[in-house]
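The numbers here are math on the coordinates, done by the rules we state, and not lab data. From a predicted model like this one, the values you see are computed outputs, not experimental measurements. Note that we place each Cβ from the backbone using ideal geometry, even for glycine, and neighbour counts take in every protein chain shown.
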Amino acid sequence: MSTKKNVRRVVLVGTGFVGMSFAYSLLNQGGAEELVLVDLDKNKAEGEAMDLNHGLAFAPRKMRIWAGDYSDCGDADIVVITAGAAQAPGETRLDLCAKNTKIMRSIVEQIMASGFDGIFVVASNPVDIMTYVTQKVSGLPASRVIGSGTTLDTARLRFMIGDHLNVDPRNVHGYIMAEHGDSSFVPWTHTYVGTKPILEIVDEREDLDLGQLQTIYENVRDAAYAIIERKKATYYGIGMALTRVVRAILNDEHSILTVSALLEGQYGCEGAYIGTPAVITRDGIQEVVELDLNAVDQAKMTKSFTTLKATIEASTDPYLD
Ligand SMILES: NC(=O)c1ccc[n+]([C@@H]2O[C@H](COP(=O)([O-])OP(=O)(O)OC[C@H]3O[C@@H](n4cnc5c(N)ncnc54)[C@H](O)[C@@H]3O)[C@@H](O)[C@H]2O)c1
């Protein structure tokens, strides 16, 4: 983390729905002394900075907020990237991936030109691949380039299990792992309510069975589609998930969060980013937590990783040379 000054600066690139939900959440929770908003649409960034500043009188602590540019990244501790194009009608996922790779490359090059030497937190989709692009283009150690990964998916899982069992989601312990997308999975043998394994609860209770667990997983997996159908975009949940990751870094929390991390042999996978539990500190990813997956879950992890790698080879690597 930057030692250039004793104030903590977060720069947000992309002041759309996701970026501003993060900014609003960070302002309400506190944690950074400075927040800089950067967007292609400078007017929008300026309006957003004005609007947030007008809430300062009600915030837990002082925060300097302004609309800036890439030169502000030089002194930043963290740059959060939520910029990117959405999928256009008729556009394939591969097309979108190629388009966002080019956008991300140009953003990261401008950030690095400022002398930035902090930690990246990426949420732009497809997030596992955009985090890979950020690491490749920045050349920073992989431990300092973190994707939001399955932090949001994991929060959705905890909410839905808690809701089903009428238990506080903070007492539900489990993870959604792998791609932030259709090939994600839940290692149910590593899922607990309080300290009780959820599979024991399935054995004991009438109101929970394996079919219902599968339905809960499918509802988590399809949550973004369900929300987008109703309100066109999802943003509050991811805004709070990003705040959680940023605060874990700024406060050196050593928290375990399901971020997108570069695998270097863990789970038998190597060379791409994917959602996995990892310990988050002021230096970024201290370590990937490698769960002892059973054969079925290991096969899901391998499949998800292979899919991500194939997409990177087809529609990302060609734009990185
Ligand atoms: N990781 C997750 O869990 C998660 C969840 C929801 C959304 N997302 C993703 O977050 C991203 C943003 O979503 P949104 O709803 O906020 O979209 P949005 O369209 O509201 O905002 C995108 C912003 O990026 C800006 N932008 C585009 N190109 C830019 C560039 N080259 N430089 C600087 N700014 C640029 C736009 O001007 C806009 O303000 C999308 O990729 C979306 O898929 C991720």
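Kirkwood-type hydrodynamic radius, the range 9-147: 15.2 Å, calculated from all non-identical alpha-carbon pairs. When the chymotrypsin sites (Phe, Trp or Tyr not before Pro) in the range 3-63 are filtered for DSSP coil states and for at most 11 other beta-carbon atoms within 10 Å of their beta-carbon, no site remains. Sparse packing (at most 15 other Cβ atoms within 10 Å of the Cβ) combined with a DSSP loop state is found for the following trypsin sites (Lys or Arg not before Pro) in the range 21-68: ARG61, LYS62. When the chain is described by a simple charge dipole with +1 on each Lys and Arg Cβ and -1 on each Asp and Glu Cβ, the residue from GLY118, LEU40, VAL296 located farthest towards its positive end is LEU40.
Dividing the radius of gyration of the alpha carbons in the range 196-315 by their Kirkwood radius gives 1.01 for Rg/Rh. Using the alpha carbons alone, the radius of gyration of the chain stands to its Kirkwood radius in an Rg to Rh ratio of 0.96.
Mind ranking 189-202, 274-287 by how tightly packed they are, going by the mean number of other C-beta atoms within 10 angstrom, highest first? Don't skip to the answer; put the middle values down first.
Working: 189-202: 15.0, 274-287: 21.9.
Peptide ranking by packing, descending: 274-287, 189-202.
Listed by chain and number, the lysines whose C-alpha is less than 16 Å from the C-alpha of LYS300, apart from same-chain residues fewer than 8 away, are LYS309.
Where only DSSP H runs of four or more residues are counted, the chain gives -13500 deg cm²/dmol as its mean residue ellipticity at 222 nm, each run worth -39500 (n - 2.57). Computed over every Cα-Cα pair of the range 178-264 and binned at 10 Å starting from 0, the pair-distance distribution P(r) comes out as 13, 32, 37, 17, 1 percent. Using the Cβ-Cβ distance between GLN298 and GLU229 with R0 set to 51 Å, the FRET efficiency from 1/(1 + (r/R0)^6) comes to roughly 0.95. Output the antiparallel fraction of DSSP beta bridges having both residues in the chain, as a percent to the nearest 5. Looking only at bridges with both residues in the chain, the antiparallel portion is about 50 percent. By the count of other C-beta atoms within 10 Å, a proxy for reagent exposure, SER184, SER25 are ordered fewest to most as SER25, SER184. Annotation for the range 144-203 versus the range 278-320: alpha-carbon center distance of 18 Å.
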